[in-house]
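Chemist: Quick one: structure below, then a few questions.
The values are calculated or read from the model by the stated rules, or taken from the named source; none is laboratory data. Predicted model, so just to flag it, every value in this text is computed and none were measured. Counting neighbours? That spans all protein chains shown, and the Cβs are built from the backbone with ideal geometry, glycine included. Surface areas here come from the heavy atoms of the whole protein model, side chains and all, with no ligands, DNA or RNA. Shrake-Rupley method; radii C 1.70, N 1.55, O 1.52, S 1.80 Å.
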Number of protein chains: 4
Amino acid sequence: MNSFGRIFKISIFGESHGKSVGVTLDGVPAGMSLCEEDFIPDLLRRKSGSKGTTPRNEDDIPEIISGVFNEKTTGAPLTVVFRNNNVSSKDYSNLVNHPRPGHADFTGKIKFGGFNDYRGGGHFSARMTLALVAAGVVAKKIINPAVVSAEIIEIGGERDYDNILTETMKQHDSLGGIIQCAAKMIPAGLGEPYFDSVESVISHLVFSIPAVKGIEFGDGFRSARMKGSEVNDNIINRDGTTEKNSSGGINGGITNSNDIIFRVAFRPTPSISKSQNTYNFSDDKMEVLEIHGRHDACVALRAPVIVESVCAAALADFMILEQIQKRIKE
Amino acid sequence: MNSFGRIFKISIFGESHGKSVGVTLDGVPAGMSLCEEDFIPDLLRRKSGSKGTTPRNEDDIPEIISGVFNEKTTGAPLTVVFRNNNVSSKDYSNLVNHPRPGHADFTGKIKFGGFNDYRGGGHFSARMTLALVAAGVVAKKIINPAVVSAEIIEIGGERDYDNILTETMKQHDSLGGIIQCAAKMIPAGLGEPYFDSVESVISHLVFSIPAVKGIEFGDGFRSARMKGSEVNDNIINRDGTTEKNSSGGINGGITNSNDIIFRVAFRPTPSISKSQNTYNFSDDKMEVLEIHGRHDACVALRAPVIVESVCAAALADFMILEQIQKRIKE
Amino acid sequence: MNSFGRIFKISIFGESHGKSVGVTLDGVPAGMSLCEEDFIPDLLRRKSGSKGTTPRNEDDIPEIISGVFNEKTTGAPLTVVFRNNNVSSKDYSNLVNHPRPGHADFTGKIKFGGFNDYRGGGHFSARMTLALVAAGVVAKKIINPAVVSAEIIEIGGERDYDNILTETMKQHDSLGGIIQCAAKMIPAGLGEPYFDSVESVISHLVFSIPAVKGIEFGDGFRSARMKGSEVNDNIINRDGTTEKNSSGGINGGITNSNDIIFRVAFRPTPSISKSQNTYNFSDDKMEVLEIHGRHDACVALRAPVIVESVCAAALADFMILEQIQKRIKE
Amino acid sequence: MNSFGRIFKISIFGESHGKSVGVTLDGVPAGMSLCEEDFIPDLLRRKSGSKGTTPRNEDDIPEIISGVFNEKTTGAPLTVVFRNNNVSSKDYSNLVNHPRPGHADFTGKIKFGGFNDYRGGGHFSARMTLALVAAGVVAKKIINPAVVSAEIIEIGGERDYDNILTETMKQHDSLGGIIQCAAKMIPAGLGEPYFDSVESVISHLVFSIPAVKGIEFGDGFRSARMKGSEVNDNIINRDGTTEKNSSGGINGGITNSNDIIFRVAFRPTPSISKSQNTYNFSDDKMEVLEIHGRHDACVALRAPVIVESVCAAALADFMILEQIQKRIKE
């Protein structure tokens, strides 16, 4: 349940305030160049630091503990571990009985019978996205020369969001945002009709990212308000290229050689310093909750690299699989 | 790749103009009452007939060929087959070289090297949703007393869409729409953090439905434009009930005992009688394509029961799994 | 749980005295020639008729209901159904309370809470091996030019078993036997270390065949009684060919380009006409049971084609997978 | 491919002479007591030291890096890592071109295109069984009060093998052996007909252990030489207990409430100090190979705890799954 993929398989483990978070990748092709430095650029993109992100400052140092030999992947499982060094010693135990609105404090307790590591969100923490980014670094190498890139297209409903962000931080509040992701140089023929459609697999992974509440491909929700003659998209070239790419690069679940385009909605981070009401499970009454600590004003700010990572992971699996089918047909 | 689920597993097979479409369900609990009549109400909801749906008139008669004995499920795989009786004898072979815009004609050909059954969309046909609806009928019994219900909330951008539909049919065009689905009486604790989040699994299945281009849970894309203090949702009761259900019943991937709420965007059906351009792969040039035949002006009209079905299938699997975990904790 | 395989996936369904037994194959490459006649030779090898096999005479007529178009596989799921025509009308309900020794009557009842179709063994019946043989026919085409062939090497402990068999039938008793299977022209490099070792996957499928109680590869149990210097096997050629093939074609879970060799032990069929004791679950006492009906004196007689089928299925999946890995390395 | 299990899932990683070997367990129920000391007794049983085992002396210290909080399992993935401290600095690179007979040197090279970590067998090393034993420790807690115990029943064909072993070591040779494993207190109803039969799953895991070449359940190969009336086994009690347990606790793939009994054949370790021939892939000629280093004279000596571990892992998964099905039937 903490794994995903058919051949290129990601398994994540760890807790925010435990010893480590990490990821094991199975199905990595042998012979790819890989070293710890390769992870740094994307880890830095995810890392806190810019305005609106938490000042928690982990070193986020990746250690490859299996699957690489002489700086090449071996074909055996590849495990990357991040030790948690900068763990706050504060007491989180009050979250057990005073769950934070919008967080997984209540559901985690219900799910795991109160045995979950509740410190800093534990296994539910956004720190687990380190593992996703590490997976993405390897996936991006696999899909090369295809490339995936994501960018923020709005924060708080605005394309030009700098002021908005300053204002919201002053109010001790938080903002959501929308990330757009594009995958280019994608061969036609990836994906399957129905359950393993490209949309199905990408959306599955995208909803694994904390705070995601929506996804749309191509014209998405807008196309639900259009006519067939407006959405339909003429093929203009033998390779399948179309005029407008209204379907976001996918027809019938399968890539059509246009760019894959999708947008992801991130809700505002639920951790805000403003006072909120919650249920006190010890005393069975409503009560005011104050959340202190280090929080992002907008998780979407760090999300582009995470969205890219899961998209690359989905595509890596599809590309590895597609090689089978072509080969057999030949 | 044509299967989905961990314990309650759906496998679909068939082609629009082949001998049959069908579904095998594995992991169905033994001892549930089930007979062929049980499938009729939902099959009728999916069936053509109302304004805006195709006049193709299959009998859609389900035959249970395994897994039921004395009108009870046996615990062995349950297979339901629908024979295709009303297959049009027209020649579909021109679609191979003149793919219809927005359809899977091009991608299916690329994917399967030209060996796919292209007649009426073959395995890509919306007729395959018969198999999904049959799976849904069984899933709904499994999740009882939880219930799933979906409804059209807009067609062509309008909540009151009757005129719009008449007008569009006159123009030989088609319309998209938005379906909202609600699952009620859902216990808290279903789902997992990350890869098997409830959103991940439901979206995976929803994107298996032809013509779906977007999904959002709770406040969805709207929440990306809101502040944390607006989206955050106070727990007001020991059972986890919240004030506004802004997260659509799911926190951290896990149900929180509120209703699960999501909306699905359907693009307009790509089959329109209006002239369109397409690429002629025999002669390597653009050319005008006229599509005749029996088509829906709006596939979303038949979609509520399909969306319900895949949602019920996802929940059936989660509920079966959840029983494990509770039992062990006890 | 009624499916197996990673890319080439077999799903079986059906009951001995229900409407049908059948199989769905997913991951079949598109473009292979296939028609219903292709199944006949192996179905006949499995079929009853020779001395020691049951006179039950089903027609065993395969019907391909999906996945083939113009006598070529389409790449979509391939379903083959066998209708049960020659179902005995006798009453099997006494097996519920008087389970036959060595059969699954007791375990099936416990497993499925009494809802299993107990007639003729229901889903546990050896008739389900029709589905395995059908899968094998397709698998053998996929692995071509590799070939799999199995033969009886002993019945009742004898290589020359004809008299023994006659004698045992007179005694209304049954016999076990040993089948040896060889797969030739197998490329080196199939399989994985540990969980997906070639031995693991073949043994998994072989133990799916009713009445199998043992399997050994290469020198097998005999090698446990030998010295390393006797078992070790020199590579004598660049392609990996060894002197004696003591390891049965597999080292470290991976094929080494020698033939794969394994032997399978089949217990005697538990259905014998001799009187036996059993527990009467209605009256809670021991009681004498007489089994009448149509039974094999030795199920192993029909087993070679079944063992071949599951071996071919395992190899088909490995070969499809191996194509990925080679391609990526290149 | 380096994972196994449906709910209780084992994923292993690591190399003999890399940084570490380890295991991630998913699906571990929350709330079980677990600390690093719990692993020690079984790790010691596996560890080198007694006569016939290699003097390589790793500390084999388990570190739990995720999934445990306050000495209880959390329900999140549980990862145990063993750092490799006592790694020999010798040069293994000659194995690449001079593969050792009976080892995976040749197949590993073919499989992974020469990129595998060949030092000390790399990912193929028997050191990976540390990961299996760690998984077994957790699995044994899950299946409690059921217990699994394995013992050596022969080494080199002898039940009393002490002298034999001394003699063989003098000859710089090695010996195989047979391990018998019994699982007691097993509820009836575990397992499935066909692909998830208890024999299928146990054998799958048992063949994941290096050097295993055969397995048999109950009377096994002996039953292939017996008559039905001899093998058939009367149920003598309402709970399913039989007279002789000739089927090793399993009928139709499903446990029958008797002990599960199976035997496993281990070939002699292929690493022997005696001179052997092998193919020299650099010069394309046969040549004499001398293997030095630290080796077991008989790997079977350390195998009982490994066989127990994989058996417990299989049973843990079955028991977790069985809880579902019972619950639903109720």
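Chemist: So which residues in the range D:273-320 are of a type in the set (Ser, Thr, Tyr) and surrounded by 19 or more Cβ atoms within 10 Å (Cβ to Cβ)?
Modeler: D:Thr278, D:Tyr279, D:Ser309
Chemist: Test B:Ala134 against the stated conditions and say whether it is buried (at least 24 other Cβ atoms within 10 Å of the Cβ), more than 9 Å from chain A (Cβ to nearest Cβ) and modelled with pLDDT of 95 or more.
Modeler: yes
Chemist: Tell me, yes or no, whether the range D:166-187 has at least one residue that is closer than 30 Å to C:Gly113 by Cα, within 11 Å of chain C (Cβ to nearest Cβ) and touching a residue at least 60 places away in the same chain (Cβ under 8 Å).
Modeler: yes
Chemist: Counting only residues that are in a strand (DSSP E or B) and among the hydrophobic types (A, V, I, L, M, F, W, C), how many does the range C:13-36 have?
Modeler: Within the range C:13-36, residues that are in a strand (DSSP E or B) and among the hydrophobic types (A, V, I, L, M, F, W, C) number 4.
Chemist: In the range C:74-94, what count of residues is obtained for those that are open to solvent by less than 20 Å² (accessible area, probe 1.4 Å) and not polar (S, T, N, Q)?
Modeler: Adding up the residues that qualify gives 7.
Chemist: For the range C:222-232, what are the residues that are surrounded by fewer than 24 Cβ atoms within 10 Å (Cβ to Cβ), facing another protein chain (nearest Cβ under 7 Å) and not small (Gly, Ala, Ser)?
Modeler: C:Arg225, C:Met226, C:Lys227 - these are the residues of the range C:222-232 that are surrounded by fewer than 24 Cβ atoms within 10 Å (Cβ to Cβ), facing another protein chain (nearest Cβ under 7 Å) and not small (Gly, Ala, Ser).
Chemist: Among the residues of the range C:178-189, is there at least one that is of a type in the set (D, E, K, R) and either part of a strand (DSSP E or B) or modelled with pLDDT of 95 or more (or both)?
Modeler: Yes.
Chemist: Scan (1) more than 9 Å from chain B (Cβ to nearest Cβ); (2) of a type outside the set (A, V, I, L, M); (3) more than 30 Å from B:Arg238 (Cβ to Cβ); (4) under 22 Å from the mean Cα position of the chain (by Cα) for the single condition A:His295 breaks and write down its number.
Modeler: (3)
Chemist: Condition first: of a type in the set (Asp, Glu), more than 7 Å from every other protein chain (Cβ to nearest Cβ) and more than 17 Å from C:Cys311 (Cβ to Cβ). Now tell me which residues in the range C:233-259 satisfy that.
Modeler: Passing the criteria: C:Asp239, C:Glu243.
Chemist: Something else now. Taking strands (runs of 3 or more DSSP E) that fall entirely within the range B:230-306, which contain at least 3 residues that are at pLDDT below 95?
Modeler: Output list reads B:276-280, B:285-289.
Chemist: Restricting to the range B:236-253, give me the number of residues that are without any contact (Cβ under 8 Å) to a residue 12 or more places away in the chain and buried (at least 23 other Cβ atoms within 10 Å of the Cβ).
Modeler: Going through the range B:236-253 one residue at a time, the tally reaches 1.
Chemist: Here's a follow-up. Quick one: B:Asp196 ticks every box in (1) surrounded by fewer than 21 Cβ atoms within 10 Å (Cβ to Cβ); (2) modelled with pLDDT of 95 or more bar one, so which box is it?
Modeler: Among (1) surrounded by fewer than 21 Cβ atoms within 10 Å (Cβ to Cβ); (2) modelled with pLDDT of 95 or more, the lone unmet condition for B:Asp196 is (1).
Chemist: Another question, if that's okay. Residues of the range C:92-112 being at the interface with chain D (Cβ under 7 Å from one of its Cβ atoms) and in a helix (DSSP H, G or I), which ones?
Modeler: C:Phe106, C:Thr107, C:Gly108, C:Ile110, C:Lys111, listed by residue number.
Let's see how each residue does on (1) under 20 Å from D:Pro99 (Cα atoms); (2) touching a strand residue (DSSP E or B) at 6+ places or on another chain (Cβ under 6 Å):
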| residue | (1), (2) |
| --- | --- |
| C:Gly191 | yes, yes |
| C:Phe195 | no, yes |
| C:Ile202 | no, no |
| C:Phe207 | no, no |
| C:Gly214 | no, yes |
| C:Gly220 | no, yes |
| C:Arg225 | no, no |
| C:Gly228 | yes, no |
| C:Asn234 | yes, yes |
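Chemist: Checking C:Arg46 against (1) within 13 Å of chain D (Cβ to nearest Cβ); (2) buried (at least 21 other Cβ atoms within 10 Å of the Cβ); (3) within 25 Å of D:Asn251 (Cα to Cα), only one condition comes out false. Which one?
Modeler: With respect to (1) within 13 Å of chain D (Cβ to nearest Cβ); (2) buried (at least 21 other Cβ atoms within 10 Å of the Cβ); (3) within 25 Å of D:Asn251 (Cα to Cα), C:Arg46 is out only on (1).
Chemist: Right, something else. Quick check on B:Phe4: is it more than 19 Å from B:Met319 (Cβ to Cβ) and among the aromatic types (Phe, Trp, Tyr)?
Modeler: So B:Phe4 does not fit the description; no.
Chemist: Okay, next question. Could you say whether any residue in the range D:206-216 is in a helix (DSSP H, G or I), closer than 30 Å to D:Val81 by Cβ, at pLDDT 95 or above and open to solvent by 10 Å² or more (accessible area, probe 1.4 Å)?
Modeler: Looking through the range D:206-216, none of the residues is in a helix (DSSP H, G or I), closer than 30 Å to D:Val81 by Cβ, at pLDDT 95 or above and open to solvent by 10 Å² or more (accessible area, probe 1.4 Å).
Chemist: Got a number for residues in the range B:80-103 being without any contact (Cβ under 8 Å) to a residue 24 or more places away in the chain and among the small types (Gly, Ala, Ser)?
Modeler: The total comes to 1.
Chemist: Just name the residue that is least open to solvent (accessible area, probe 1.4 Å) out of those in the range D:12-43 that are out of contact with any Gly (no Cβ under 9 Å at 6 or more places or on another chain) and within 14 Å of chain B (Cβ to nearest Cβ).
Modeler: D:Met32
Chemist: Condition first: away from chain A (no Cβ under 14 Å), farther than 15 Å from B:Phe13 by Cβ and assigned to a loop (DSSP other than H, G, I, E, B). Now tell me which residues in the range C:1-11 satisfy that.
Modeler: Listed by number, the list holds a single entry, C:Met1.
Chemist: Inside the range A:260-286, can you point out the residues that are hydrophobic (A, V, I, L, M, F, W, C), touching a strand residue (DSSP E or B) at 6+ places or on another chain (Cβ under 6 Å) and more than 19 Å from B:Ser223 (Cβ to Cβ)?
Modeler: Those that are hydrophobic (A, V, I, L, M, F, W, C), touching a strand residue (DSSP E or B) at 6+ places or on another chain (Cβ under 6 Å) and more than 19 Å from B:Ser223 (Cβ to Cβ): A:Ile260, A:Ile261, A:Met286.
Chemist: If a residue must be assigned to a loop (DSSP other than H, G, I, E, B) and either within 12 Å of chain C (Cβ to nearest Cβ) or more than 17 Å from B:Phe124 (Cβ to Cβ) (or both), how many such residues does the range B:59-91 contain?
Modeler: 16
Chemist: Among residues belonging to the range C:153-165 that are surrounded by fewer than 20 Cβ atoms within 10 Å (Cβ to Cβ), of a type outside the set (A, V, I, L, M) and over 12 Å from D:Met226 (Cβ atoms), point out the one that is nearest to the other protein chains (Cβ to nearest Cβ).
Modeler: Once the filter is applied, the top-ranked residue is C:Glu158.
Chemist: Here's a follow-up. Of these, D:Ala146, D:Ala150, which one is closer than 30 Å to D:Ser257 by Cα, under 13 Å from the mean Cα position of the chain (by Cα), of a type in the set (Gly, Ala, Ser) and away from chain C (no Cβ under 11 Å)?
Modeler: Sole residue among the options that is closer than 30 Å to D:Ser257 by Cα, under 13 Å from the mean Cα position of the chain (by Cα), of a type in the set (Gly, Ala, Ser) and away from chain C (no Cβ under 11 Å): D:Ala150.
Chemist: Return yes or no: is A:Lys227 among the basic types (Lys, Arg) and touching a residue at least 24 places away in the same chain (Cβ under 8 Å)?
Modeler: When the stated conditions are applied, A:Lys227 does not pass them.
Chemist: Which condition number does C:Ala104 fail, the rest of (1) over 17 Å from C:Ile12 (Cβ atoms); (2) open to solvent by less than 30 Å² (accessible area, probe 1.4 Å) being met?
Modeler: (1)
Chemist: In addition: Of the conditions (1) open to solvent by 50 Å² or more (accessible area, probe 1.4 Å); (2) under 24 Å from the mean Cα position of the chain (by Cα), C:Glu71 fails just one. Which one is it?
Modeler: Evaluating C:Glu71 over (1) open to solvent by 50 Å² or more (accessible area, probe 1.4 Å); (2) under 24 Å from the mean Cα position of the chain (by Cα) leaves (2) as the failure.
Chemist: Next question, about the same structure. Of the conditions (1) surrounded by 22 or more Cβ atoms within 10 Å (Cβ to Cβ); (2) hydrophobic (A, V, I, L, M, F, W, C); (3) within 25 Å of C:Phe106 (Cβ to Cβ), D:Ala182 fails just one. Which one is it?
Modeler: (1)
Chemist: B:Ile324 fails exactly one of the following numbered conditions: (1) more than 30 Å from A:Lys111 (Cα to Cα); (2) more than 24 Å from the chain's Cα centre (by Cα); (3) more than 10 Å from chain A (Cβ to nearest Cβ). What is the number of that condition?
Modeler: (1)
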